[in-house]
Amino acid sequence: MVFTPALLDNSGRLTRRLLQSWQKIPEDTPVSDETRNHVILCGYGRVGQNLMRYLTSFHLKAVAVDRDLVRLQEASAAGEHILFGDASRQEILVNAGIKSARLLVVTFDDPRLAERILHTARGLNPNIRILVRTRDDTHLDALIEAGAEEVVPEVLEASLMLVAHALMMLDVPFDRVMATLRKTRRERYRMLQGYYHGDTLPTTDSAGNPYRLLHAVTLSDKARGIGRSIAHCALRDVEIRAVKRQDKTLESPDEELVLEPGDTVILYGPLEAVEAAENRLLGG
């Protein structure tokens, strides 16, 4: 706080000095051998810097792109390969060697900017592999559609790592644990999506879409859904994740499955759709 007034008073001069120290590469300059078959890190905060350390330890070349001038100066002074700019701009990615890069990683949590980067990167190099980090799975499908090969939602990955450690501490064989992790990722974290909420329930997610939740409905003898197939129940805008019948759990049940008294149906979807589905199953 003591230095804040001085920094604000001299911010213009500091910015000019930093910009003068950064030499922009013209778009038509051939990419050097140092930036061929490399990784482009969009964002050089903590995640980007940690990734750079591991890439370096494996002798893999990388170039970072960041818009923070202080971070640029600090990293450049340490001899790290970093460019100043907005990674969604074509000329910045060209300067970073997009046309000959092996992998592009979006290391920050900004799905909208990530989508712009994806569109720009795909236009310059349709074959480049792209990995995107996000906070959760809210924008997962949109990012995949925009061109991301893999999306890593932090919240779900944290859950997955906890699952893996718990299984290994319970002496589940390592190969089975790894197979479970691969299967979960391959299915785009489907098993980790949705959970039973407590007293508070958000109405929308971070993208403004209706929040999706899990809800269990147990069918009594007089429920309307008894004796009907799942398809015949005509439930809209919800997914039946499972049907629990006595001591069995039927995951992703077939639509021809006929519901029986005592079945517990696990619904997944927006709150209004889940409530409507419950009414159709119970006959309310």
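Here, each number is a calculation from the coordinates, and none is a lab measurement. Here the structure is a predicted model, which means the values were calculated and not measured. All Cβ positions, glycine included, derive from the backbone under ideal geometry; neighbour counts span all protein chains shown.
General observations
- Fewest neighbouring Cβ atoms within 10 Å first, the residues HIS81, HIS38, HIS119 line up as HIS119, HIS81, HIS38.
- Here the spin labels are modelled as points 7 Å beyond Cα on the Cα-Cβ line, and at SER57 and LYS222 they lie 6.4 nm apart.
- Projected label distance in nm at ASP247 and LEU124, using a 7 Å step from Cα toward the beta-carbon: 6.1 nm
- Placing R0 at 22 angstrom, the Cβ-Cβ distance between ALA166 and THR264 gives a FRET efficiency of 0.35 after rounding to 0.05.
- In plain terms, the chain from GLU256 to GLU80 could stretch by 57.4 nm, reckoned as 0.36 nm per residue minus the Cα-Cα distance.
- For the stretch 33-148, convex hull volume per residue from C-alpha positions, Å³: 95 Å³
- Of the peptides 52-62, 102-112, the ranking by mean beta-carbon count within 10 Å, highest at the top, reads 102-112, 52-62.
- Theoretical FRET efficiency, 1/(1+(r/R0)^6), r = Cβ-Cβ of ASN209 and ASP110, R0 22 Å, to 0.05: 0.80
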